[in-house]
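> Take this structure first; my questions come after.
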Amino acid sequence: MSEKKRGFFGRLFGGKDADEAQPERIAEAVPAGLETLPEPQPDAAVPAGETTAEPVTAEAEVPAAAPAREPVAAPVAARAPAPLPETPQPAEKLTWFQRLRRGLARSSSALTEGISSIFTKRKLDQSMLDELEDILLQADLGLDTASSITERLGSGRFDKEISPEEVRAVLAEEVEKVLAPVARPLDLDRGIRPHVVLMVGVNGTGKTTTIGKLASRLAADGKTVMLAAGDTFRAAAVEQLKIWGSRTGADVVARDAGADAAGLAFDAMQAARDKNVDVLLIDTAGRLQNKAELMAELEKVIRVIRKVDPTAPHDVLLTLDATTGQNAMNQVEIFGKVAGVTGLVMTKLDGTARGGILVAIAAKHGLPVHFIGVGEGIDDLEPFSARDFAEAIAGLA
Ligand SMILES: Nc1nc2c(ncn2[C@@H]2O[C@H](COP(=O)(O)OP(=O)(O)OP(=O)(O)O)[C@@H](O)[C@H]2O)c(=O)[nH]1
């Protein structure tokens, strides 16, 4: 529970715990979180300098509104208009755990309501455990975790009453058991400079948004950050990143939409070296994991990065959209093979009743989970804590 009391960067850096329609993805809108970003801190500003590919410095103008739709790179076909995110209402400041609880509300109420309807002053029998197992599976917790929960509840307790609270406590304990080994902070203090982080994932999973939020937090922590707008496929992604760069004082290395992503990554690597920044965050275009050609392009980006620094990228983060459910499993597998994913960021846990998918992924792949996102706001991305997540999803505390 101490997790709740520690600051973001304590947990991040020092903690002991420690459709075939690829082109149809468009989210041109400036994410809601941008409006709530702090102004650049003078101390955190990266000095303007020459980068080979159109660097955008902290002094750059911030567009007043969401960037206009721009002509997109050749392969982009018809696009459906994306709704603008709602402007967040000024609200009372919630703690991270409150936001986590709120974000996981759909997942947790599906579980807790189901549990309350089964365990109603009846003596435990097999049919109740079967019903419970169904609910756990519907929440995407995975067969292994669902079975260990029902087995634990069943052992020696048949014909005895068992309360919903007890069931929820067992649920939380079993979920925490699975998640604790994967809840690991992203360590950017390994003495590497520039520390290169490559962000990969399927379209719209939140790569650009996550980079922006991370950049903002890193800059606030006094680190120098450079952003590489490697999503050359989507014009609006480049704009989005430039805005984040302006607000956080980070240089942005960008080219026009449609440019070669590997070339852009190469330029960014050199620029980051020349400027001796602490962290280089490289965005990539979203790609479906079953598109061989796009996955080959990603491999090329990595090969080119290694021409500048054979040890890079030092972290390859895969963003997973919790609302995609079981397909996320497949994404972990393929991106893992192609890009050597070192850690996960699960976003949009607020948009699903099946947030248990994180547990199933942890049980199956054992990859570190560095962050989870429970909303579009700047504060809705935090380092991952197994206990907080387990308690929130089980409706405890
Ligand atoms: N509700 C919710 N929305 C999120 C979260 N994270 C990101 N988003 C939204 O998801 C949408 C897509 O995010 P992007 O960051 O543009 O996704 P991307 O992976 O960079 O997209 P591509 O570049 O097209 O692959 C935006 O509207 C974000 O504001 C989250 O945790 N919760």
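The values are calculated or read from the model by the stated rules, or taken from the named source; none is laboratory data. As the structure is a prediction and not an experimental result, all values here were calculated from the model. Methodologically, a virtual Cβ is constructed for each residue, glycine included, from the backbone with ideal geometry; neighbour enumeration extends over all protein chains shown. The area values use the complete protein model at the heavy-atom level, side chains included, leaving out ligands, DNA and RNA. Shrake-Rupley method; radii C 1.70, N 1.55, O 1.52, S 1.80 Å.
> Would you work out the relative contact order for segment 143-272, in percent, from Cα pairs under 8 angstrom that are 6 or more residues apart?
That works out to 18 percent.
> Using a 7 Å offset from Cα along Cα-Cβ at Lys364, what residues in segment 143-173 end up with backbone N under 17 Å from the label point?
Residues 143-148 qualify, since their backbone N sits under 17 Å from the label point.
> May I ask for the Kirkwood hydrodynamic radius of segment 342-397, worked out over all distinct Cα pairs and given in angstroms to one decimal?
11.7 Å
> Ok, one more. If I take every Cα pair under 8 Å that is 6 or more residues apart in segment 340-389, average their sequence separation and divide by the length, what percent do I get for the relative contact order?
40 percent
> Please work out whether segment 212-300 counts as rounded, prolate or oblate from its C-alpha gyration tensor, where a ≥ b ≥ c are the square roots of the eigenvalues and a/c under 1.5 means rounded, while otherwise a/b larger than b/c means prolate and anything else oblate?
Judged from the Cα gyration tensor, segment 212-300 comes out prolate (a/c at least 1.5, a/b above b/c).
> Still on this structure, I have one more. Give me the percent of accessible area attributable to carbon and sulfur for segment 273-381, probe 1.4 angstrom.
Roughly 47 percent of what the probe reaches on segment 273-381 is carbon or sulfur.
> For the peptides 123-135, 105-117, what is the packing order when you average, over each peptide's residues, the other Cβ atoms within 10 Å and list the highest mean first?
Ranked by mean Cβ neighbours within 10 Å, highest first: 105-117, 123-135.
> Next question, about the same structure. With labels modelled as points extended 7 Å from the Cα through the Cβ direction, what inter-label distance (nm, one decimal) is found for Ala180 paired with Arg122?
3.3 nm
> Right, next: Ranked highest first by average number of other Cβ atoms within 10 Å, how do 316-326, 278-288, 186-196 line up?
By packing density, highest mean first, the sequence is 278-288, 316-326, 186-196.
> Quick one: 3J(HN,Hα) in Hz for segment 187-201, Karplus 6.51/-1.76/1.60 with θ = phi - 60°, rounded, Gly and Pro as x.
9, 9, 10, 9, x, 9, 8, x, 7, 9, 10, 9, 9, 10, x
> Still on this structure, please answer the following. If the reach is capped at under 16 angstrom between alpha carbons, list the lysines near Lys160, excluding any in the same chain fewer than eight residues apart.
Partners within reach: Lys121, Lys123.
> For the pair Gln326 and Glu173, how long in nm is the line joining their label points, each one 7 Å along Cα→Cβ?
Calculated label separation equals 3.0 nm.
> If you wrap segment 186-250's Cα atoms in a convex hull and average its projection over all directions, what's the area in nm²?
That works out to 4.4 nm², a quarter of the Cα hull's surface.
> Between Glu113 and Asp144, what is 0.36 nm times their sequence separation minus the Cα-Cα distance? Round to one decimal in nm.
9.0 nm
> Just to be sure I understand: of the beta bridges DSSP finds with both ends in segment 277-397, what percent are antiparallel, rounded to 5?
Once the DSSP bridges in segment 277-397 are tallied, antiparallel ones form about 25 percent.
> Mind scanning Lys337/Lys364; Lys93/Lys242; Lys223/Lys275; Lys213/Lys291 and naming the pairs with a C-alpha gap bigger than 18 Å?
Lys93/Lys242; Lys213/Lys291
> Using the per-residue mean of other Cβ atoms lying within 10 Å as a proxy for protection, in what order, highest first, do the peptides 328-339, 302-313 fall?
328-339, 302-313
> Note down the relative contact order for segment 122-205 as a percent, whole number, built from C-alpha pairs under 8 angstrom at least six residues apart.
Relative CO of segment 122-205 lands at 31 percent.
> Specify the inter-centroid distance of segment 324-343 and segment 215-249, based on alpha-carbon positions, in whole Å.
24 Å
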